[in-house]
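First comes the structure, then the notes that go with it.
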Amino acid sequence: MKLDIPRKALITMLDTLIPATGKRLEVLSGILLKAEGGTLSGTATNLEQALTTTVKAIVKAKGIVLVKEPRTLLSYCRAVGAERLTVATSAKGMEVQAGATKGTFKLGEVKDYPAIPVVKAELITAYDLAEAIGRVKYAVCKEDSRPPLNCLHVEPGAKNGIELAAADGYRLAITTVKTRGKLAGTINLPMGAVNLLSGFTGTVKMAVKVTETKRKVYDRGEMKEVTEPAAAAMFCCGNTTLITQGQMGNYPNYRQLIPTAGTSLTADRTALKAAVKTIAAMKPKGSAIRLQTKGRKLLVWGLTDDDDRVETVLAAKGTAKIAFNVAYVHDLLNAQDGPFVLKSTTPSAPAMCKDKVTTHVVMPLFIQWEPKPEVFNGVITARPVVGTPAQDSTIGTVPARVPVAVGNIAIDENGEGDDE
């Protein structure tokens, strides 16, 4: 292989591909480079996702190589000052000439690199997919032990759109994406694919293919073979293509958690965001932040560990009396567009915040709003109490989880199942 390529083009390629490399096997940490025609294409995979991108180059001799240490190659390309690079392979490895400087990089066996799967399905055009992912990504479950909640759920939406949903047991975010064409199936996208898609800009062409796969499970003392749907998806943006396997398992029926009634509270999102930031800096006890209306004013307040009160008063319309985890409110305000409109029923029921295209549902904290009277030496005093533990065995304030329906079992805030 021998070619001439702009240094910035090779840097862009390596920057794009390195996040898709894997760590489970040594061969997965490398990047496959293929030169032919007038292009240099690169491929990276971790066996769950595969990313391919192409840049223009002057190819003098075609070939294919496996670069074992792409991060070292990227550091070299950034350090040299030449505008163009000459790349050639030899018995020593891959030589990259930059003016008077030459770097030699180790190569692996191309035959050891895994084959990249192909998704043959009808492509549809999705608009502003990365922007939509940014609106709901915060609510994806961070616990790997809770599949498929640690994925982004994608399914056909109304008319020719698609719907993205994320939930972690405490909050839920749903948004829609305009498309041209109808998605063929549903898929749970792993976070590795979601993070790569977040870097895609502009229009994306995508396809989902759903097949059936058989696997063995141990059930009630015996081994059984079950058939489950297996999905794969392809996303194309410019010269970059991402292919990913979906996480197996049924996503919960999240629509049943969306409140359909309640009172509304409207406030300026920018002002509320500043108030939340101030209270978060004070590290409120139990991470609790309270939203409480009095007349046409909204009190945004919390208590510190020393029971000092931090409060901001904002103009508002409507009524509300509810407490949330301050980090959850912060995430919601960052993901939302437009004014802050909160719909709630009781201080212990899920609350909803909705804009034009996105619905956010957050579970409240169970707290004691009024001071609890205490008797000491015959004198009645009142001491503010921040939160009531969800269980006697739990110390501190614990936010309740969003109940998630799995089959005919409802998962409560501590992950224990009760028959519905």
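Would you check if there is a residue in segment 191-202 being over 21 Å from K142 (Cα atoms), in the same structural domain as C141 (by TED's automatic domain parsing) and surrounded by 12 or more Cβ atoms within 10 Å (Cβ to Cβ)? Quick ask: steps written out before the conclusion?
Of segment 191-202, the ones over 21 Å from K142 (Cα atoms) are 200-202.
Then drop every residue that is not in the same structural domain as C141 (by TED's automatic domain parsing), which leaves 200-202.
If we keep only those that are surrounded by 12 or more Cβ atoms within 10 Å (Cβ to Cβ) as well, we get 200-201.
Yes, the conditions are met somewhere in segment 191-202.
For the condition modelled with pLDDT of 95 or more, among the polar types (S, T, N, Q), outside the structural domain of T358 (by TED's automatic domain parsing) and not in a loop (DSSP other than H, G, I, E, B), what is the one hit in T213, T241, T227? So that I can check it myself, show each step before the final result.
Values: T213 fails: modelled with pLDDT of 95 or more; T227 fails: modelled with pLDDT of 95 or more.
From the options T213, T241, T227, the qualifying one is T241.
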Does any residue of segment 111-125 turn out to be touching a strand residue (DSSP E or B) at 6+ places or on another chain (Cβ under 7 Å), part of a strand (DSSP E or B), more than 20 Å from V208 (Cα to Cα) and hydrophobic (A, V, I, L, M, F, W, C)? no
The one condition in (1) touching a residue at least 60 places away in the same chain (Cβ under 8 Å); (2) within 30 Å of A327 (Cβ to Cβ) that E143 fails to fulfil: (1)
Condition check: at pLDDT 95 or above, surrounded by 17 or more Cβ atoms within 10 Å (Cβ to Cβ), within 19 Å of I367 (Cβ to Cβ) and not charged (D, E, K, R). Does F235 satisfy that? no
Could you list, in sequence order, the residues of segment 5-29 that are in contact with a helix residue (DSSP H, G or I) (Cβ under 7 Å, 6 or more places away or on another chain) and farther than 22 Å from F200 by Cα? K23, V27
Being buried (at least 16 other Cβ atoms within 10 Å of the Cβ) and part of a loop (DSSP other than H, G, I, E, B): is that true of C141 here? yes
Condition first: in contact with a Phe, Trp or Tyr (Cβ under 8 Å, 6 or more places away or on another chain) and under 18 Å from A139 (Cβ atoms). Now tell me which residues in segment 315-331 satisfy that. N325, Y328, D331
Filter segment 283-308 for residues that are without any contact (Cβ under 8 Å) to a residue 40 or more places away in the chain, surrounded by fewer than 16 Cβ atoms within 10 Å (Cβ to Cβ) and not polar (S, T, N, Q); the one that is farthest from C353 (Cα to Cα) is D306
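Restricting attention to segment 177-186, and to residues there that are under 24 Å from A230 (Cα atoms) and out of contact with any Ser or Thr (no Cβ under 8 Å at 6 or more places or on another chain), which single residue is surrounded by the fewest Cβ atoms within 10 Å (Cβ to Cβ)? Quick ask: steps written out before the conclusion?
First, the residues of segment 177-186 that are under 24 Å from A230 (Cα atoms): 177, 179, 181-186.
Pick out the ones that are also out of contact with any Ser or Thr (no Cβ under 8 Å at 6 or more places or on another chain) and you get 177, 182-186.
Details: V177: 23, K182: 13, L183: 24, A184: 15, G185: 18, T186: 18.
Looking at the filtered set, the residue picked out is K182.
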Six or more apart or on different chains, Cβ atoms under 9 Å: show the pairs whose first residue is in segment 64-80 and without any contact (Cβ under 8 Å) to a residue 40 or more places away in the chain and whose second is small (G, A, S) and assigned to a strand (DSSP E or B). T72/G103; Y76/A98; Y76/G103; A79/A98
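Quick check: is even one residue across segment 246-255 assigned to a strand (DSSP E or B), closer than 24 Å to E131 by Cα and not hydroxyl-bearing (S, T, Y)? Reasoning before the result, please.
First pass over segment 246-255, keeping only residues assigned to a strand (DSSP E or B): none.
No, segment 246-255 contains no residue that is assigned to a strand (DSSP E or B), closer than 24 Å to E131 by Cα and not hydroxyl-bearing (S, T, Y).
The rows are residues; the columns are (1) touching a residue at least 60 places away in the same chain (Cβ under 8 Å); (2) over 18 Å from C151 (Cβ atoms).
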position	(1), (2)
G181	no, yes
G202	no, yes
K209	yes, no
E212	no, yes
D219	no, yes
M223	no, yes
P229	no, no
Please verify whether segment 330-350 includes one or more residues that are over 16 Å from P259 (Cβ atoms), surrounded by fewer than 17 Cβ atoms within 10 Å (Cβ to Cβ), hydrophobic (A, V, I, L, M, F, W, C) and outside the structural domain of L172 (by TED's automatic domain parsing). no
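This table checks each residue for (1) closer than 26 Å to D331 by Cβ; (2) touching a helix residue (DSSP H, G or I) at 6+ places or on another chain (Cβ under 8 Å).
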| residue | (1), (2) |
| --- | --- |
| C236 | no, no |
| L242 | yes, yes |
| N253 | yes, no |
| A261 | yes, no |
| D268 | yes, no |
Would you point out which residue out of G81, G103, G134 is part of a strand (DSSP E or B) and small (G, A, S)? G103
State the number of residues belonging to segment 18-52 that are assigned to a helix (DSSP H, G or I) and within 23 Å of S90 (Cβ to Cβ). 3
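The values are calculated or read from the model by the stated rules, or taken from the named source; none is laboratory data. Treat the numbers as computed from the prediction; the structure is a model and nothing was measured. Here the Cβ is made from the backbone with ideal geometry for all residues, glycine too, and neighbour counts use every protein chain on show.
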